[in-house]
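The next block holds one structure in the form of structure tokens; read it before the comments.
The values are calculated or read from the model by the stated rules, or taken from the named source; none is laboratory data. Given the structure is predicted, the values throughout are model-derived calculations rather than measurements. All Cβ positions, glycine included, derive from the backbone under ideal geometry; neighbour counts span all protein chains shown.
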Amino acid sequence: MLELLVSVATLMALVVFTSVVTVEVAIHLWLRYRPKKQLSGAALLSVTFLPLWSALLVFLALGFSFTGKAFGLIKDHCLEHGLGHLHLCFEHLSAQQSNSLTLALLSIMLGVAGLKVLRVFQSLDRHLQLNRQLSGIQSSFINWVDTPNEMAFVSGILKPRIYLSRRLVERLDSKTLRMIVAHEIQHVRNRDVPKMWGIELILALYRQPTRRFLRAAWVQRREQRIDHQLAQRFGRAAVAESLLAMVRVAPRDSVLNSNGGKIEQRLHSLLVNKTNALTKLPYGSVFALIAILGLLIAFQHHALETFIGWIN
């Protein structure tokens, strides 16, 4: 059993590594030939989570193979190939020994991935410390803070709170200010803070240029989605006016500009491309496709067993 677990873990690590390399190459080509083109929601979902989808596909294929053989749904050809051949069934587990090269390769890949994920948790810990400090000063749902910078942001994962600087009152009119508050409230309703931290865990697998590009794409989509949601309540003209007012806020001082995506693209999406940002990401379709592929691979389990045995 231990040898099989090591082989399966190595297979999944190789699949994740291959997926990461594929995404890196795809984003490099995209930035070279289509740098100003925005990724669609489906493309962004597929590219960002490709390592996760690939690992899930392998897991389902192996799970379906074990389950299918156990219940007689898949032909068990273990005895036809001999017990020395790796078999995905509990009755005839392989007795092969994992070699040192396999263990070394697995250790290196898991170690690199662990260090990348550790950095994300360190950043998350800093965020939680900041949130504790803020909540110790201001504990209401909407809080005003005295700072020379112009800021509007949401902090907190389990109990998110909104923080706005009083300086915004001096720079923006009351109508725009209400729109900004509504914008931040929509972030809370959409649970954007925990979603972005989940995305950050996946992005940790990539190099800095790819991570920066994909993070910016997710932020852009998030902001455009909120723009459309607010447009349904207040009208497109009112949301567009608030976006134009945000452009006039100094970029070096404002969290609204630095973390709010590209205002020009948001205006274009709001006024021209009126439905793209509202399209829900096809999570259900992706999971269904992966499950179907996993089932199909399970029926070709002999090739999968041979490949795992070759890794071993």
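Just a few scattered comments:
So that you can scan it fast, the table gives a plain yes or no per residue for (1) part of a helix (DSSP H, G or I); (2) farther than 20 Å from Arg207 by Cβ:
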{"residue": "Phe17", "(1), (2)": "yes, no"}
{"residue": "Val23", "(1), (2)": "yes, no"}
{"residue": "Ala26", "(1), (2)": "yes, no"}
{"residue": "Leu29", "(1), (2)": "yes, no"}
{"residue": "Gln38", "(1), (2)": "no, yes"}
{"residue": "Val47", "(1), (2)": "yes, no"}
{"residue": "Leu56", "(1), (2)": "yes, yes"}
{"residue": "Leu60", "(1), (2)": "yes, yes"}
{"residue": "Lys69", "(1), (2)": "yes, yes"}
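- The condition of being within 22 Å of Ala231 (Cα to Cα) and modelled with pLDDT under 90 holds for Ala152.
- Residue list for region 131-184, filter: acidic (Asp, Glu) and closer than 25 Å to Phe234 by Cα: Glu150, Glu170, Asp173, Glu184
- Residue within region 1-15 that is over 21 Å from the mean Cα position of the chain (by Cα), free of Cβ contacts under 8 Å to residues at least 12 places away in the same chain and outside any helix (DSSP H, G or I) present: no
- In region 197-235, of all residues being closer than 14 Å to Leu39 by Cα and among the polar types (S, T, N, Q), the one that is modelled with the highest pLDDT corresponds to Thr210.
Conditions tested, residue by residue: (1) farther than 18 Å from Ala217 by Cα; (2) in contact with a Phe, Trp or Tyr (Cβ under 6 Å, 6 or more places away or on another chain); (3) among the charged types (D, E, K, R).
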residue	(1), (2), (3)
Ser7	yes, no, no
Ala13	yes, no, no
Thr18	yes, no, no
Val25	no, no, no
Leu31	no, no, no
Lys36	no, no, yes
